[in-house]
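Comments concern the structure below.
The values are calculated or read from the model by the stated rules, or taken from the named source; none is laboratory data. Values in this document were obtained by computation on a predicted structure and should not be read as measured data. Backbone-built Cβ (ideal geometry, glycine too); neighbour counts: all protein chains shown.
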Amino acid sequence: MRLLLLNGNTDPAITDLVATRAAEALPRLGLPPAELVPATAPFGARYIATRAAVAIAGHAVLAALAEQIGPDNPRGFDAAIIACFGEPGIEAARELLPIPVHGMADASLAAAFAIAPRIALLTGGAAWIPMLEEFALIRGHGPDRVLVRGVAPTGDMIARDPEGAVALLAGAATQAAADGAGAVVLGGAGLAGLAQRVAPLVRVPVLDSLDCALVAALGTPPAVPQRVPQAPQQGLSPALARLMAGPA
């Protein structure tokens, strides 16, 4: 199994963090061995924390997927994970790519709902709260089912000081549980690996969004992608233009 881990942020330290945590997670989660291939978005924000950055990241994610996979997948990837909570560009990627594309937030919703009927998404950066509320609502989950909570430090700040974030995240997760969440997802590439440390401090299950995406990619039968034909395009990178045009 060959799995692409695409960091939608442009900070290579986050790419390294995701790759390290993913490699550690495979045996812990009982998943089969896999070749993990990390990649970083070619342009955009170092760490996505605003709507404008999300919009730019959607283009960057498609450009990176076009370079890595393209319409014919010559490098032999079996699946891709957009390792950026909120997964910019994922719906478009699923229209274009010949392999399954998984997202951390999508996978986390499914995993958390398997545990409890009401859940919480907890991430870094207050600006993500309305964006993730909209993400859940588009998928049919209103605030009666998905609580969205955020702590003040952004994900990249948390990645630089994980020790200082554990108590803060545990406090926010505990409050979400008090508000009715039966499971809490720690969402974001910068938070990868912290759920194991936060979970003992919270009375409900705490899930790692990267773990959830890995289970979705490696532990479930792959869906067969259905490519959507695209209109002619102008001004794209050569790789993205080829992907939009489809297989030769």
Task: Given (1) of a type outside the set (D, E, K, R); (2) crowded, with 21+ Cβ neighbours inside 10 Å; (3) touching a helix residue (DSSP H, G or I) at 6+ places or on another chain (Cβ under 7 Å), index of the condition PRO153 fails - done: (2)
TODO: Could you tell me which of the residues THR174, THR220 is in the same structural domain as ILE82 (by TED's automatic domain parsing) and either under 26 Å from LEU29 (Cα atoms) or in contact with a strand residue (DSSP E or B) (Cβ under 6 Å, 6 or more places away or on another chain) (or both)?
DONE: THR220
TODO: Taking VAL206 as the residue in question, decide whether it is out of contact with any Phe, Trp or Tyr (no Cβ under 9 Å at 6 or more places or on another chain), surrounded by fewer than 23 Cβ atoms within 10 Å (Cβ to Cβ) and within 30 Å of ARG94 (Cα to Cα).
DONE: no
TODO: Answer yes if at least one residue in region 15-29 is of a type in the set (D, E, K, R) and in contact with a Ser or Thr (Cβ under 7 Å, 6 or more places away or on another chain), and no otherwise.
DONE: no
